[in-house]
Amino acid sequence: MADNNTVLNIDPEELAAKMAMDTGKSRRASQEQAEVEAAGEASLSGDSAEENAEAPAAEPTKVKRERSAKYVQARSMVDRTQFYSVEDAIELVKRTSYSAFDGTITAHINMKKELKPTDVKMPHAAGKKVRVGIIDDALLAEFDAGNFDYDILIATPDMMKKVAKYARVLGPKGLMPNPKTGTITTDPEAKKAALEGGSMTLRSERKAPLVHVTIGKTSQPTQEIAENLAAILAAATQSGSVLKLTIAPTMGPGVKVSL
């Protein structure tokens, strides 16, 4: 009876505080037990937080590019360790080209530094005929009709005010006349004749000393392609040193050329 009276006489606030204290102890004990168990599991598995943090991320799987049987066969005809003379390289490119059409031969030039725009006139045609247009009121009417079927556009300085209207279309197409490329000139007829006769502007890739230029077709005589390449190299070396030269057809392996 005394015990019951003792319990009934306990202050309610003291009882609540005692229960909260007991609950807190129980929670801490459970948390400590969980941490001990987790540490034990990590110890048994040989892993730890530090080891997991230091473990390198898995590298992405690299997909190996598979070449066609025709390419593999053509590639076997080229000695990758050898640098060929210009004539031998061109002949080899012709033999290893496996396109069903008349392939284009492109020279890939590694320069010591970026190549500034450099004009060069090749002695022979190198591929398709260049479509050059001189901008006048008649050509502007074609623009209004949606016809921009040209490779290069030339304008006189006084026409540039009218051309500005079409800048948003011509710019992305690479057709906007520019004084740096000589396509804004007071003698557009002479510039057109030069461009149609094989003149071009060499330039390297943006922020990279690499030049890619068409030097002929696989159906052309080797001597013509060699003379075109000689003109390209002569112009390129005026602006810097050529480190490496490779020529390749549209479809076929590249061939290293001795400089």
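The values are calculated or read from the model by the stated rules, or taken from the named source; none is laboratory data. What you are looking at is a predicted structure, and each value in this text was computed from that prediction instead of being measured. Glycine gets a Cβ as well: all are built from the backbone with ideal geometry, and neighbour counts include every protein chain shown.
Checking every residue in segment 229-237 against the condition of being farther than 13 Å from Ala126 by Cβ, assigned to a strand (DSSP E or B) and either polar (S, T, N, Q) or under 19 Å from the mean Cα position of the chain (by Cα) (or both) gives zero matches.
Quickly run through segment 185-196 and pick out the residues that are free of Cβ contacts under 8 Å to residues at least 24 places away in the same chain and either polar (S, T, N, Q) or over 14 Å from Lys129 (Cβ atoms) (or both). Listed by number, the residues that qualify are Asp187, Ala190.
Just one of the listed residues (Ser241, Ser219, Ser199) is loosely packed, with under 12 Cβ neighbours inside 10 Å, in contact (Cβ under 8 Å) with a residue 24 or more places away in the chain and touching a Lys or Arg at 6+ places or on another chain (Cβ under 9 Å), and it is Ser219. Of everything in segment 153-182 that is modelled with pLDDT of 90 or more and of a type in the set (Val, Ile, Thr), the residue that is nearest to the chain's Cα centre (by Cα) is Val169.
When Ala107, Ala126, Ala89 are checked against the criterion of being buried (at least 19 other Cβ atoms within 10 Å of the Cβ) and assigned to a strand (DSSP E or B), a single residue qualifies: Ala107. If you check Asp151, Asp119 for being among the acidic types (Asp, Glu), within 29 Å of Val211 (Cβ to Cβ) and in contact (Cβ under 8 Å) with a residue 40 or more places away in the chain, only one passes: Asp119. For segment 129-146, the set of residues classified as in a loop (DSSP other than H, G, I, E, B), surrounded by fewer than 18 Cβ atoms within 10 Å (Cβ to Cβ) and modelled with pLDDT of 85 or more consists of Arg131, Asp136, Ala145, Gly146, listed by residue number.
When Gln220 is tested against (1) over 27 Å from the mean Cα position of the chain (by Cα); (2) modelled with pLDDT of 95 or more, exactly one condition is not met: (2). Exactly one residue among Thr181, Thr186 is out of contact with any Asp or Glu (no Cβ under 6 Å at 6 or more places or on another chain), among the polar types (S, T, N, Q) and farther than 30 Å from Val257 by Cβ, and that residue is Thr186.
Scan segment 169-185 and give yes if some residue there is touching a Gly at 6+ places or on another chain (Cβ under 9 Å) and in a strand (DSSP E or B), otherwise no. No.
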